[in-house]
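Novice: Here it is, the structure in full.
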Amino acid sequence: MLFCSLRFVQFFAIVATVYWLMPWRHARVYMLLGASFWFYRELCRELADVRLVWIVLGTAVLDYWLGRLLDVWSARRGRLAVLLVSIAVNLGVLGYLKYANFFLNTVAQSADLFGLHIHVGTLRILVPVGISFYTFEAINYTVDVYRRRLPAERNLANFLLFILFFPHLVAGPIVRARDFLAQVQRPKRWSWLRCQHGGALILRGAFLKLVVADRLALLVDPVFGEPSAFSTGATWLAVAAYALQIYGDFSGYSAMALGTAHLLGYKLAPNFNLPYLAVNISDFWRRWHMSLSRWLRDYLFIPLGGSTGSNWLTARNLLITMALGGLWHGASWTFVLWGVAHGTLLIAHRSFRSWCAARPRVTAALATWLGTNLARVATCGCVVALWIPFRARTLTDTTTILQRLLAFAPGQRADLPEVSLLVLFAALAVGHVVAFRARWQRSWSRVPAPVLAAAFAVAVNAVLLLAPPAGKTFIYFQF
Amino acid sequence: MKTTALLTAHHQPPPIGKPGRPRAARRGRARRVILWFMALFVASQATLALLSTVRPELRDPQFYDKFDALNQLRMEKRPTQCVVAFGSSRTFYGIDALRLEQRLEFKHSEPVLVYNFGQFSAGPRLNSLYLHRLVAHECRPDVVLLEVLPPLLAQKAENGYERHFVAPRRFLREELQRAARYGWPHAELETEWLGTVLAPAAYLRLPLGGRFAPWLFPPNVREDGCRRTDVRGSSWIDNGRASPTARAEGVARTRSEYAAILGPDFQISSTARLALADSIELCRREGIGVVLYLPPEAPSFQALYAPEASQAIMVFLHELCGRNGVALVDGRNWLGEEEFIDGHHPLRTGARLASERLGTNVSLVQWLRRPDPK
């Protein structure tokens with residue numbers, strides 16, 4: 001049941017109507033919880049196996065009780081043990097379900113390198129949708145309770161809603177327990193303003209997902225599916241298109257999640273902030289998948305020591321954080337390569353920044369309009385290039401694509417009208433420029449209501465008309 | 001920035017007008033925006049729904065593009081006999097209607113019009129629906145050349161092919177009952193039809209897009225293929241495309257699509273049987289001549305048939321033709337392997353050869369020479 005499906009529209013219309021007609025705050029929580037459970041069960045039924053819903057429910061209930069234990073237990077060692085049990089169970093379930101076959105294949109391939117042939121087979125494992133997301137949310141809860149930043153939630157329904165809340169359940173954003181649980185307890189009233197804002201977010205998300213991402217996928221999938229068959233020109237187009245596809249797909253989904261939550265009276269943290277306008281790689285990670293990068297910073301990078309130690313220790317911590325961040329995205333060495341490459345870029349950026357700090361002229365040059373935009377282009381170029389191993393099926397495919405980018409190779413042309421691509425690129429560029437300039441918010445407020453409504457109606461029709469034939473699953477669903 | 005501050009900062013509605021404007025005013029504006037939006041959206045869908053009713057080519061351009069072209073040709077040429085070929089992509093690519101027309105005119109000595117009404121993914125069900133629609137639109141051909149695609153007669157193909165590739169939104173309201181008899185689920189037909197009325201921007205986006213902005217859509221989904229044909233509705237596959245690799249891939253693809261259907265457990269589907277019978281009955285009732293046509297197949301495709309399947313198909317067709325007095329033209333062995341791109345879609349030269357041969361077929365010519373039953 002994708003966000004962009006008719007079935008979800010029907011589901012949400014019923015849920016939102018019943019929700020706002022209910023006058024009792026506690027009843028609304030139970031109602032949302034029931035709806036979220038049903039949503040996830042139907043999603044599991046469509047994508048994998050309906051029984052997987054019990055895994056997320058089981059680990060959530062366990063974390064709830066471990067959190068209560070952390071609250072009442074004062075002994076430091078005991079509390080640490082409880083925390084470690086929570087982390088071990090959550091990561092253990094995630095590790096087994098998502099990475100067991102990856103680990104076995106890696107052992108077999110490593111043994112092959114030494115001339116040992118080990119037959120390991122493949123475990124038949126079904127991965128619950130969104131396991132990477134809700135596992136991180138559960139860990140942030142127990143860690144925050146352990147650190148006494150947050151009292152343990154006493155109401156099981158409230159806690160389960162934090163884990164299972166359907167707008168963010170399967171593909172984020174990764175919600176902080178202290179932000180969400182505070183909202184569960186707050187009374188909510190219907191607001192036309194919130195409805196307008198939520199609707200606008202959903203519309204933006206639907207445009208990015210259906211018109212941009214799904215359309216670009218028609219070009220990207222064949223090229224990355226068989227890179228050796230396509231020409232250099234088609235490969236360049238596909239690489240550029242994928243950078244926009246993944247942005248459209250993920251930011252579109254996040255916008256729809258935020259809008260949907262908004263319509264129910266919940267505010268989730270935004271996940272994207274014009275990432276392709278970043279001036280350096282650190283800035284990029286403050287704009288791309290912000291909920292994940294903050295989680296990695298707070299629960300992995302800082303506990304490892306952060307940047308408080310020597311340069312070598314900082315570099316080590318960055319590499320470990322980004323490598324694991326890459327692995328979080330998928331059980332494949334291509335993701336690890338992607339993460340390590342980003343870690344390397346972050347280390348390089350830190351060194352460059354230190355070098356510039358001793359050279360005020362260079363710093364001043366970078367701060368000019370030309371310097372800033374050159375920095376943006378360079379950052380964007382690095383990020384786009386690193387999407388290649390992220391998207392490629394294997395390291396061999398990554399190499400093939402890089403070869404075709406760097407040296408002319410004949411082959412098939414791109415399977416999408418070039419005019420369509422140019423229009424998409426132009427629309428995204430204009431959208432970025434408009435969003436970047438804060439003036440548009442003031443202009444928005446001066447437009448008469450009927451005109452604004454007409455613009456929304458045109459936009460909705462454009463999304464409906466331009467959506468490609470068959471809906472594609474969100475890229476980040478695989479996580 | 002702290003997460004809480006980030007939350008509130010990014011989710012404050014944008015300020016309206018001068019700072020300090022009362023929240024009530026902003027609420028009122030938001031309500032007006034939403035209500036205006038709902039009214040305008042409903043109005044836009046109602047307009048599109050009305051448009052698609054008044055101009056049915058917005059619902060099914062693949063039929064109406066060819067229908068308009070056929071009507072135009074009949075008015076211009078005023079033939080004494082009009083032959084319309086119904087069928088799948090095998091007909092679309094495999095009948096060179098202009099060449100067939102020239103051949104028939106040579107035999108008949110009077111003006112003849114041949115039009116290729118072939119449609120992608122058409123089988124007995126869609127052929128029957130389109131034939132009924134053509135007659136309902138007061139366009140009665142003198143002879144119908146009706147393709148019989150043996151795999152689409154199979155029981156196993158009932159839930160695939162036509163049902164998978166033919167979108168129910170192409171059917172008119174009055175056709176839904178017939179489509180349900182031919183196997184389309186009633187609920188799906190009603191839902192799609194309702195969708196085209198309530199949300200035409202979503203349900204009719206491919207025909208609308210294909211008509212007004214085809215450059216925005218990939219060629220395989222645009223539904224404007226029937227506009228890119230020759231003057232007689234035919235198209236062709238250039239011989240140059242048949243490289244050994246392309247042919248091998250095509251044959252492999254064909255095998256994966258059809259081999260399982262043509263096994264020893266082949267049975268004629270009841271809905272296919274019904275659809276063919278309906279087509280023949282309609283022609284008989286309207287005084288339209290009908291010739292069933294088995295299009296050419298390469299030896300590699302013919303090898304896919306289990307002997308039991310071949311026998312079942314021919315027994316069925318002979319019984320059907322014998323009972324209804326309908327001629328059957330068996331063109332399966334007319335072309336060699338090298339005349340096909342994938343074992344069952346002829347290349348341009350193959351289509352010409354098959355059409356020439358069809359033009360000399362006794363059954364077809366006899367229908368052109370019969371007295372006008374009206």
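The values are calculated or read from the model by the stated rules, or taken from the named source; none is laboratory data. These numbers were taken from a predicted model, which means no experiment stands behind them. Virtual Cβ from ideal backbone geometry, glycine too; neighbours counted across all protein chains shown.
Novice: Within the stretch A:349-374, can you find the residues that are surrounded by 14 or more Cβ atoms within 10 Å (Cβ to Cβ) and within 24 Å of A:LEU304 (Cα to Cα)?
Specialist: Across the stretch A:349-374, the qualifying residues are A:HIS349, A:ARG350, A:PHE352.
Novice: Looking at the stretch A:224-282 only, could you name the residues that are within 18 Å of the chain's Cα centre (by Cα), under 18 Å from A:TRP387 (Cα atoms) and aromatic (Phe, Trp, Tyr)?
Specialist: Answer for the stretch A:224-282, where residues must be within 18 Å of the chain's Cα centre (by Cα), under 18 Å from A:TRP387 (Cα atoms) and aromatic (Phe, Trp, Tyr): A:TYR242, A:TYR247, A:PHE250, A:PHE272, A:TYR276.
Novice: Return yes or no: is A:THR372 part of a helix (DSSP H, G or I), in contact (Cβ under 8 Å) with a residue 40 or more places away in the chain and closer than 28 Å to A:LYS209 by Cα?
Specialist: no
Novice: Show me the helices (runs of 4 or more DSSP H) found entirely inside the stretch A:177-230 where at least 1 residues are more than 27 Å from A:LEU464 (Cβ to Cβ) and at the interface with chain B (Cβ under 9 Å from one of its Cβ atoms).
Specialist: In the stretch A:177-230, the matching helices (runs of 4 or more DSSP H) lie at A:177-185.
Novice: Condition check: within 18 Å of the chain's Cα centre (by Cα) and either in a loop (DSSP other than H, G, I, E, B) or not aliphatic (A, V, I, L, M) (or both). Does A:THR142 satisfy that?
Specialist: No.
Novice: Another one. Of the residues in the stretch A:52-79, how many are within 28 Å of the chain's Cα centre (by Cα) and either of a type in the set (Asp, Glu) or not in a helix (DSSP H, G or I) (or both)?
Specialist: 1
Novice: Just to be sure before I move on: is B:ARG205 more than 14 Å from chain A (Cβ to nearest Cβ), among the charged types (D, E, K, R), crowded, with 19+ Cβ neighbours inside 10 Å and over 30 Å from B:ALA306 (Cβ atoms) in the structure I sent?
Specialist: When the stated conditions are applied, B:ARG205 does not pass them.
Novice: Looking only at helices (runs of 4 or more DSSP H) that lie completely in the stretch A:408-479, which have at least 2 residues being modelled with pLDDT of 80 or more?
Specialist: A:418-436, A:449-466
Novice: Only one of A:THR321, A:THR235 is away from every other protein chain (no Cβ under 14 Å), farther than 23 Å from A:THR372 by Cα, out of contact with any Phe, Trp or Tyr (no Cβ under 6 Å at 6 or more places or on another chain) and not charged (D, E, K, R). Can you tell me which?
Specialist: Going through A:THR321, A:THR235 in turn, the sole match is A:THR235.
Novice: Next question. Of the residues in the stretch B:108-139, how many are at pLDDT below 95, farther than 17 Å from B:SER235 by Cβ and touching a Cys at 6+ places or on another chain (Cβ under 8 Å)?
Specialist: Within the stretch B:108-139, residues that are at pLDDT below 95, farther than 17 Å from B:SER235 by Cβ and touching a Cys at 6+ places or on another chain (Cβ under 8 Å) number 2.
Novice: Follow-up question, since we're still on this one. Tell me, which helices (runs of 4 or more DSSP H) wholly within the stretch B:108-201 include 3 or more residues that are closer than 30 Å to B:THR80 by Cα?
Specialist: B:124-136
Novice: Which of the numbered conditions does A:GLN196 fail, given that it passes all the others? Conditions: (1) touching a Lys or Arg at 6+ places or on another chain (Cβ under 8 Å); (2) at pLDDT 90 or above; (3) of a type outside the set (Gly, Ala, Ser).
Specialist: (1)
Novice: Every residue in the stretch B:45-71 that is over 15 Å from the mean Cα position of the chain (by Cα) and outside any helix (DSSP H, G or I), please.
Specialist: Correct list: B:ARG55 only.
Novice: Considering only the stretch B:52-80, how many residues are under 16 Å from B:LEU208 (Cβ atoms) and touching a residue at least 24 places away in the same chain (Cβ under 8 Å)?
Specialist: So the count comes out to 10.
Novice: Here's a follow-up. Take A:ALA365 and tell me if it is over 27 Å from A:LEU319 (Cα atoms), without any contact (Cβ under 8 Å) to a residue 60 or more places away in the chain and not charged (D, E, K, R).
Specialist: yes
Novice: Out of curiosity, is A:ALA152 closer than 21 Å to A:TYR299 by Cβ and buried (at least 16 other Cβ atoms within 10 Å of the Cβ)?
Specialist: Judged against the criteria, A:ALA152 is a match.
Novice: Yes or no: A:ASP49 within 25 Å of the chain's Cα centre (by Cα) and within 23 Å of A:ASN158 (Cα to Cα)?
Specialist: Taking the combined requirement at face value, the residue does not satisfy it.
Novice: So is B:ARG31 modelled with pLDDT under 90, at the interface with another protein chain (Cβ under 8 Å from one of its Cβ atoms) and part of a helix (DSSP H, G or I) or not?
Specialist: no
Novice: Sticking with this one: Among the listed residues B:LEU131, B:LEU172, identify the single one that is crowded, with 20+ Cβ neighbours inside 10 Å and not polar (S, T, N, Q).
Specialist: B:LEU131
Novice: Given the criterion of a type outside the set (Val, Ile, Thr) and either at pLDDT below 90 or crowded, with 24+ Cβ neighbours inside 10 Å (or both), identify the matching residue among A:LEU201, A:LEU169, A:LEU160.
Specialist: Only one candidate passes the filter, namely A:LEU169.
Novice: From the list A:VAL434, A:VAL377, pick out the single residue that is more than 14 Å from chain B (Cβ to nearest Cβ), on the phi < 0 side of the Ramachandran plot, under 27 Å from the mean Cα position of the chain (by Cα) and loosely packed, with under 15 Cβ neighbours inside 10 Å.
Specialist: So the residue among A:VAL434, A:VAL377 that is more than 14 Å from chain B (Cβ to nearest Cβ), on the phi < 0 side of the Ramachandran plot, under 27 Å from the mean Cα position of the chain (by Cα) and loosely packed, with under 15 Cβ neighbours inside 10 Å is A:VAL377.
Novice: Does A:LEU237 satisfy being of a type outside the set (Lys, Arg) and crowded, with 24+ Cβ neighbours inside 10 Å?
Specialist: no
Novice: Just give me the residues in the stretch B:252-276 being of a type in the set (A, V, I, L, M, F, W, C) and under 19 Å from the mean Cα position of the chain (by Cα), in sequence order.
Specialist: Listed by number, the residues that qualify are B:ALA272, B:LEU274, B:ALA275, B:LEU276.
Novice: Can I ask one more? If A:GLN245 satisfies every condition in (1) touching a His at 6+ places or on another chain (Cβ under 9 Å); (2) away from chain B (no Cβ under 14 Å) but one, which is the exception?
Specialist: In the conditions (1) touching a His at 6+ places or on another chain (Cβ under 9 Å); (2) away from chain B (no Cβ under 14 Å), A:GLN245 misses (1) alone.
Every residue, every condition in (1) touching a residue at least 24 places away in the same chain (Cβ under 8 Å); (2) surrounded by fewer than 21 Cβ atoms within 10 Å (Cβ to Cβ); (3) more than 14 Å from every other protein chain (Cβ to nearest Cβ); (4) not basic (Lys, Arg), yes or no:
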{"site": "B:THR191", "(1), (2), (3), (4)": "no, yes, no, yes"}
{"site": "B:PRO200", "(1), (2), (3), (4)": "yes, no, no, yes"}
{"site": "B:ARG211", "(1), (2), (3), (4)": "yes, yes, no, no"}
{"site": "B:LEU216", "(1), (2), (3), (4)": "no, yes, no, yes"}
{"site": "B:GLY233", "(1), (2), (3), (4)": "yes, no, yes, yes"}
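Novice: Which one is modelled with the highest pLDDT among residues in the stretch B:140-178 that are among the charged types (D, E, K, R) and under 14 Å from the mean Cα position of the chain (by Cα)?
Specialist: Among those residues, the one meeting the criterion is B:GLU147.
Novice: Ok, one more. Which one is surrounded by the fewest Cβ atoms within 10 Å (Cβ to Cβ), of the residues in the stretch A:307-323 that are of a type in the set (A, V, I, L, M) and over 19 Å from A:TRP333 (Cα atoms)?
Specialist: Only one residue fits best here, namely A:LEU313.
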